[in-house]
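The values are calculated or read from the model by the stated rules, or taken from the named source; none is laboratory data. If you're wondering where the values come from, they're calculated on a predicted model, not measured in any experiment. Positions of Cβ are backbone-derived with ideal geometry, glycine not excepted, and every protein chain shown enters the neighbour counts. For accessibility, only protein heavy atoms count, side chains too; no ligands or nucleic acids. Shrake-Rupley method; radii C 1.70, N 1.55, O 1.52, S 1.80 Å.
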Amino acid sequence: MNTAFLFSGQGSQYPGMMRDLYDEYESARNVFECADKVLGRPVSSLCFEGTQEDLNLTHNTQCCMLAADLAAGYVLLSKGFHPSAAAGFSLGEYAALVFSGVISMADAFRVVQLRADAMQEAVPVGEGAMAALIGTEAETVEELCREAEDGYVIPANYNSPVQTVISGTRAAVDNVMRLAQERNIQAVMLPVSAPFHCKLVEPAARKLENALKNIEFSCPRIPVYSNVTALPVKNTEEIPALLVRQAMSPVHWVQLLENMRAAGTDTYVECGPGKTLWGLVRKTLKNVNVYRTGDIKTLNQTVQSLRKINEDTQV
C-alpha cells in the first residue's frame, strides 16, 4: 500500500471542527496549542466555538484550517501510519510541508497568517470573486474565460475532470457565469472574500516572498507534490519560489492526483475537516482507496480500513 496524505484547503471549515480530536488526542492538542501560542490569539477557540461567519473571514480561515489539517495528520501519525507522499490543496500545501519536515509548525502558522492578511488586503472586498463551474471539462471553462468581457478572469483551480473554479474581477466572473448558464452549465459563486490564485493577488505574493526569506527550509522526508507543477518538489531551494507562484497561479489538482497515481500511490487520505478532497479523488481517479478524517468517527473508520489493508497486504 502506497499512501498519500492530502491536506484540505480553504472552504472546508465549519464550526466545531476537530474539537473531538482535540479532546481525545494529545497530538491534536499540541497543534492547536502551538497555533494559539505562536499567533497570540485563540485559534483553538475560533475552530471550536466560532461561528461560520467568523471562520469564513480569511484572517481566521487559513490559520484555523492549517491547525485542523495538521491535527488530523498527526493523530494518524500517532497511530502508526506513515504516508509515502503528501500534498495539500492551496493553503493545505503548507500543512503538507510541515508534515513532511520542510518547515516548522511555528513558522508555518506565522507565514500563513501573513499570507491570509496580505491576500485580503490585495483586493478590496467586492471587487474580486470566484465561482465553480460544474459538469463540464476544463477546456470549456478556459474557452468561456477567453470569451468573457468587463475585466479579468482565469481558471484558478482544476479540481476534477468536471469541476473547475474561476477567479478574477467580479464583473468578469459574473460574465463567465452568465455564459455558462446559457450553455446549461452549472455555475456557483463561492463564498470567499478574495479572488485567490490569480494575478490580482500579486501584491500579496510579493509580501509572502519577503516573509519566506526568513524561513528555514529542510529537505522533505517524503515527496511533497506542488500545486504549481503537479510534481514532487525537486530541492529545498525551489520551495519558496513555488509558494510565491502558488498564491497567484492555478492549482493543478487533477494533474497532481494523476501524477501521484502514476508514481504508484493507490491509497489517499484527506487530512482535515469535511470531505472535499475525498470527493475530488473519487471523481478523478479510478480503482484507488480513498478515506477521510473530518471527525473522530470518520478517522476511526479510516484507521480500521488502513489496518485491514495492511494486514491483507502482509498475508
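Filtering segment 280-309 to residues that are under 22 Å from Pro15 (Cβ atoms), open to solvent by 20 Å² or more (accessible area, probe 1.4 Å), out of contact with any Phe, Trp or Tyr (no Cβ under 7 Å at 6 or more places or on another chain) and not acidic (Asp, Glu) leaves Ile296, Lys297, Asn300. Per the conditions (1) farther than 25 Å from Ala156 by Cβ; (2) at pLDDT below 95, the sole criterion not satisfied by Lys234 is (1).
Would you check which residues across segment 127-150 are assigned to a loop (DSSP other than H, G, I, E, B) and farther than 25 Å from Leu57 by Cα and list them? Across segment 127-150, the qualifying residues are Gly135, Thr136, Glu137, Ala148, Glu149, Asp150. Based on what the data block shows, is Glu270 buried (at least 21 other Cβ atoms within 10 Å of the Cβ), closer than 23 Å to Val102 by Cβ and among the acidic types (Asp, Glu)? When the stated conditions are applied, Glu270 passes them. Scanning for something touching a Leu at 6+ places or on another chain (Cβ under 9 Å) and assigned to a strand (DSSP E or B), does segment 198-216 turn up at least one residue? The answer is no; no qualifying residue exists. Filtered by the rule that a residue be in a helix (DSSP H, G or I) and either among the aliphatic types (A, V, I, L, M) or under 20 Å from Glu237 (Cα atoms) (or both), segment 116-126 gives Ala116, Ala118, Met119, Ala122. Taken together, the criteria exclude Ala241 from residues that are among the hydrophobic types (A, V, I, L, M, F, W, C), modelled with pLDDT of 95 or more and on the phi > 0 side of the Ramachandran plot. Glu142 fulfils the conditions (1) under 30 Å from Val31 (Cα atoms); (2) surrounded by fewer than 23 Cβ atoms within 10 Å (Cβ to Cβ) except for a single criterion, (1). Contact annotation: residue pairs with Cβ atoms under 8 Å, 6 or more positions apart or on different chains, pairing a residue in segment 223-248 that is touching a residue at least 12 places away in the same chain (Cβ under 8 Å) and open to solvent by 50 Å² or more (accessible area, probe 1.4 Å) with a partner that is in a loop (DSSP other than H, G, I, E, B) and of a type in the set (Val, Ile, Thr), are Pro223/Val233; Arg245/Val228.
Among the residues of segment 189-217, those identified as open to solvent by 50 Å² or more (accessible area, probe 1.4 Å) and farther than 20 Å from Ala172 by Cβ are Arg206, Lys207, Glu209, Asn210, Lys213, Asn214, Glu216. Once segment 150-176 is narrowed to residues that are within 24 Å of the chain's Cα centre (by Cα) and aliphatic (A, V, I, L, M), the residue that is surrounded by the fewest Cβ atoms within 10 Å (Cβ to Cβ) is Val162. The test for being over 18 Å from Gly9 (Cα atoms), modelled with pLDDT of 95 or more, touching a strand residue (DSSP E or B) at 6+ places or on another chain (Cβ under 7 Å) and of a type outside the set (D, E, K, R) holds for Ala187.
Note on segment 1-88: enclosed helices (runs of 4 or more DSSP H) holding 1 or more residues that are within 22 Å of Leu243 (Cβ to Cβ) are 26-39, 43-49, 58-78.
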